Amino acid sequence: MAHFKKKRGGSKQEVPTSAMPDVVFMLLFFFMVTTVLREVTLKVRVNLTQAENIEKIEQKRLLSYVYIGPERLPGNQLGEDKVQIDDAIVEDIGAIRNLMYDKLREQPKLIVSLRVDENSEFGLLTDVQEELKKASAFRINYSTRREP
Amino acid sequence: MLLKKRERDSAEINGSSMADIAFLLLIFFLVTTTINVDTGIGLVLPPPLQEDQEPPPIKERNLMNILVNAEGRVLMDDQPYQLTEVKERLKEFIDNPNNDPNLSESPDMAIVSVKTQRQTPYRIYVDMLDEVMGAYKELRDAASRANYGVPFGALQDNSPQYEQITDMYPKKISIAEPGDN
């Protein structure tokens, strides 16, 4: 025991830190590559519901999001159910057709991801779906979380 | 003179703060990153019917009508069921192992129609759809295990085996226009 103590006291222990910037840079590049910066600010509240039999979407660039949920009003209040596409709330449901048609021209393999609040009513959703049908955007995805 | 001076103090950039800068950037990206894989229930909508076009004829026995009301009560072909029973009932309908004349002729002809009300909360609708997807997933899994010894999820996308299983059990799900009652 005494021997051990002597040895420890004698030698200075230092971790070489010269490689640290390299390690940090590597991590940095990893996160830079994987980051998807949040593009939209949500103007509606979307609490996703849960489901068991779901599939992953690997190709994120095919996705276009449609948000449906109660509108966020100033002062933490919630209003009527509204539809949000990109950055703006779409008041006129009929306008969705042209919006989606344009997106479909840019990305023919478009998948429309519907992110709907769990308490929103089905009626508004079906109106949106009718518009999607008319715009020929047939591939949709009901966004849900995995059931724990 | 000049040359000598240059040689003496070699110009070097102080690199000790590099790590700090890198750390700062790293932390920024760590905070802003959202590594969330998008998951959800995939569906393909049918093209809209033309005005003068009649809906295609479907044999009554091949069609399973599921009605869900806003309270989450389920009617399958006019019989009330619990939501938890839907999956088993659907599997029986699609597969029809005993060749019941009231159930679908063959799995690839079975059509599941889901109808609900406008007032139904989205949660209930997705729960219902989840059960339908679950029934198809279990049937496909069983078929895949029987034929290839691996679960359906392990098959390569668009491989011949994958195509065969999806041809055996095509997901024919129709979302009907919501009714008022």
Next item on the list: All but one of (1) loosely packed, with under 15 Cβ neighbours inside 10 Å; (2) not in a loop (DSSP other than H, G, I, E, B) hold for residue B:94, so report the exception by its number.
Entry: (1)
Item checked: Selection count, region A:93-148, where residues are part of a helix (DSSP H, G or I) and more than 7 Å from chain B (Cβ to nearest Cβ) -> 17
Margin query: What are the pairs with Cβ atoms under 6 angstrom where one residue, in region A:101-120, is touching a residue at least 60 places away in the same chain (Cβ under 8 Å) and the other, located anywhere, is of a type in the set (Phe, Trp, Tyr) and assigned to a helix (DSSP H, G or I)? Sequence gap at least six, or different chains.
Written below: A:116/B:122; A:118/B:122
Checklist line | Selection within region B:65-81 - part of a strand (DSSP E or B) and either in contact with an Asp or Glu (Cβ under 6 Å, 6 or more places away or on another chain) or polar (S, T, N, Q) (or both) | finding: B:65, B:79
Note to self: Please verify whether residue A:92 is out of contact with any Asp or Glu (no Cβ under 8 Å at 6 or more places or on another chain), acidic (Asp, Glu) and without any contact (Cβ under 8 Å) to a residue 60 or more places away in the chain, treating the condition exactly as stated.
What the structure shows: yes
Margin query: Cβ-Cβ under 9 Å, sequence separation 6+ or interchain: first residue in region B:151-179 and in a loop (DSSP other than H, G, I, E, B), partner modelled with pLDDT of 85 or more and of a type in the set (Asp, Glu). Which pairs?
Written below: B:151/B:141; B:177/A:130
Notebook entry, point to check: Of the residues in region B:20-40, how many are within 7 Å of chain A (Cβ to nearest Cβ), closer than 20 Å to residue A:33 by Cβ, surrounded by 12 or more Cβ atoms within 10 Å (Cβ to Cβ) and not hydroxyl-bearing (Ser, Thr, Tyr)?
Noted result: 7
Checklist line | Evaluation of residue B:122 against (1) in contact (Cβ under 8 Å) with a residue 24 or more places away in the chain; (2) closer than 30 Å to residue A:68 by Cβ (one fails), failing number | finding: (1)
Next item on the list: Check whether at least one residue in region B:144-167 is within 12 Å of chain A (Cβ to nearest Cβ), more than 20 Å from residue A:129 (Cβ to Cβ), in contact with a Phe, Trp or Tyr (Cβ under 9 Å, 6 or more places away or on another chain) and of a type in the set (Gly, Ala, Ser), and report yes or no.
Entry: no
Next item on the list: Give just the number: which of (1) surrounded by 14 or more Cβ atoms within 10 Å (Cβ to Cβ); (2) within 14 Å of chain A (Cβ to nearest Cβ); (3) part of a helix (DSSP H, G or I) does residue B:43 not satisfy?
Entry: (3)
Next item on the list: Please work out which one of (1) within 14 Å of chain B (Cβ to nearest Cβ); (2) free of Cβ contacts under 8 Å to residues at least 24 places away in the same chain is the condition residue A:70 fails and give its number.
Entry: (2)
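Please go through region A:110-142 and pick out each residue that is under 21 Å from residue A:61 (Cβ atoms) and more than 19 Å from the chain's Cα centre (by Cα).
Here is the first cut: in region A:110-142, the ones under 21 Å from residue A:61 (Cβ atoms) are A:110-115, A:132, A:135-142.
A:132, A:135, A:136, A:137, A:138, listed by residue number.
The values are calculated or read from the model by the stated rules, or taken from the named source; none is laboratory data. Since this is a predicted model, take the numbers as computed values, not measurements. No Cβ is skipped: glycine too gets one built from the backbone with ideal geometry, and neighbour counts run over all protein chains shown.
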